[in-house]
Amino acid sequence: MPDPKPIPIVLDVDTGVDDACALLLGARHPGLDLRAVTCVAGNASLDQVVANTLLVLETAGRTDVPVAGGARRPLLEPAREARHVHGDDGMGDLGLPPSTRAADPRHAVELLHAVLTGAAERGEPVTLVPLAPMTNIALLLRMYPDAARGLARIVFMGGAALVGNATAAAEFNVWHDPEAAAVVLDAAAELGIPVTMYGLDVFYDVRVTRAEAAALAASADPVARLAGGLVLFQCERFGADDATVGDAGAVCAVLLPDGLRTQQLPVRVELAGSWTRGQTVVDQRADRSGGSLDHAHDPHGLAPALVDVALAVDAKAYAELWLGTVSAGSSASSSPSRS
Ligand code: BDR
Ligand code: CA
């Protein structure tokens with residue numbers, strides 16, 4: 001059987017240690033056709049995110065992939081960086097020389113629109129994978145709703161059914177720009193775009209050990225070395241013997257959807273709330289049909305956005321997929337493998 005055609009994808013990132021892990025997978029896996037990368041303020045300032053993203057793609061030998069900068073701040077809130085998690089340069093302070101490549105002159109929204117319009121014309125819809133606050137995506141779907149014709153689906157990292165990280169209730173990407181996340185879910189429901197939420201219920205489960213990272217870092221292959229450095233940075237920062245590949249798990253979900261247990265559930269984003277702004281409110285009530293549901297006590301009705309919420313992940317398969325891809329250029333003796 002011939003290999004199936006690579007899946008066309010676009011990543012929207014706030015690179016970001018784990019966004020970098022995702023970019024390496026997206027850039028290098030033969031099952032993916034990385035059409036563009038768009039950047040947004042999040043883990044670091046927009047300019048830093050663009051610089052980090054260009055550096056990762058150059059390391060992966062993918063200077064053919066256009067990279068565009070987008071929103072410098074969320075729709076309503078000021079930008080809030082996460083250097084305490086990702087380091088001063090937003091990508092693990094690895095001391096790598098910057099890329100000399102310039103970003104695409106278009107705004108991220110314009111690049112997304114161009115790529116999705118072309119995809120619609122060719123009948124090859126793209127999977128959009130936002131790994132960051134969804135400011136660019138909200139602007140895109142409101143400015144150019146016709147872009148939905150070029151979208152196969154959206155698989156976003158963000159939110160959670162059960163937990164938070166930025167606050168007790170909210171995950172960072174949604175917390176950073178709750179209005180944008182709400183707009184994206186609203187637009188997806190209106191435009192009929194299927195959405196998968198790869199949130200904190202699975203995000204931390206896909207892990208690589210310090211020993212595996214050290215083997216990567218010792219490789220002669222620049223991709224493996226960068227991948228190892230990113231994981232080792234996290235092990236050091238959090239004093240742990242392993243670290244998550246984070247956003248890279250959402251890219252694994254595109255390649256290996258069977259490794260994810262999802263349930264289609266109504267989701268809303270909390271935009272007010274004393275303690276819960278930015279929480280994804282996932283309706284897990286057993287009977288949402290109205291039968292035994294106490295509608296007298298629920299004036300909201302069901303959320304219009306039905307989302308495939310990731311509730312469990314085959315963490316071993318995803319970690320192996322990531323490790324196998326980023327070490328593919330290493331010699332057999334130095335590449336880490338799990339048996
Ligand atoms: C998300 O927030 C960022 O810190 C990571 O890059 C990831 O996208 C996790 O909450
Ligand atoms: Ca991210």
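Restricted to segment 1-14, and to residues there that are within 28 Å of residue 122 (Cβ to Cβ) and surrounded by 24 or more Cβ atoms within 10 Å (Cβ to Cβ), the residue that is farthest from the chain's Cα centre (by Cα) is 10. Among the residues of segment 30-53, not a single one is assigned to a loop (DSSP other than H, G, I, E, B), touching a Ser or Thr at 6+ places or on another chain (Cβ under 8 Å) and away from ligand 2 (no atom under 13 Å from the Cβ).
Restricting 242, 247 to those that are touching a residue at least 40 places away in the same chain (Cβ under 8 Å) and out of contact with any His (no Cβ under 7 Å at 6 or more places or on another chain) reduces the list to 247. Contact map, segment 34-46: residues that are closer than 11 Å to residue 62 by Cβ and touching a residue at least 24 places away in the same chain (Cβ under 8 Å) paired with residues that are of a type in the set (Asp, Glu) and buried (at least 24 other Cβ atoms within 10 Å of the Cβ), Cβ distance under 9 Å, separation 6+ or inter-chain. Pairs shown: 37/12. Go through the residues of segment 55-69 one by one and say whether even a single one is within 16 Å of ligand 2 (Cβ to nearest atom) and over 30 Å from residue 124 (Cβ atoms). Taking every residue of segment 55-69 in turn, none turns out to be within 16 Å of ligand 2 (Cβ to nearest atom) and over 30 Å from residue 124 (Cβ atoms).
Of all the numbered requirements in (1) within 22 Å of residue 115 (Cβ to Cβ); (2) within 16 Å of ligand 1 (Cβ to nearest atom); (3) modelled with pLDDT of 95 or more, residue 16 misses one, and that requirement is (3).
Exactly one residue out of 109, 56 is under 29 Å from residue 329 (Cα atoms) and in contact with a helix residue (DSSP H, G or I) (Cβ under 6 Å, 6 or more places away or on another chain), and it is 56.
What residue, among those in segment 15-54 that are hydroxyl-bearing (Ser, Thr, Tyr) and under 14 Å from the mean Cα position of the chain (by Cα), is surrounded by the fewest Cβ atoms within 10 Å (Cβ to Cβ)? Out of the qualifying residues, it is 53. Going by the structure shown, is residue 94 in contact (Cβ under 8 Å) with a residue 40 or more places away in the chain, part of a loop (DSSP other than H, G, I, E, B) and more than 16 Å from residue 136 (Cα to Cα)? So residue 94 fits the description; yes. Look at (1) buried (at least 19 other Cβ atoms within 10 Å of the Cβ); (2) free of Cβ contacts under 8 Å to residues at least 12 places away in the same chain; (3) not aromatic (Phe, Trp, Tyr) and you find that residue 67 fails only one, number (2). Does any residue of segment 89-105 turn out to be farther than 16 Å from residue 131 by Cβ, of a type in the set (Asp, Glu) and within 16 Å of ligand 1 (Cβ to nearest atom)? Yes: segment 89-105 contains one or more residues that are farther than 16 Å from residue 131 by Cβ, of a type in the set (Asp, Glu) and within 16 Å of ligand 1 (Cβ to nearest atom).
The values are calculated or read from the model by the stated rules, or taken from the named source; none is laboratory data. This structure is a prediction, so every number in the text was calculated from the model and none was measured. Glycine gets a Cβ as well: all are built from the backbone with ideal geometry, and neighbour counts include every protein chain shown.
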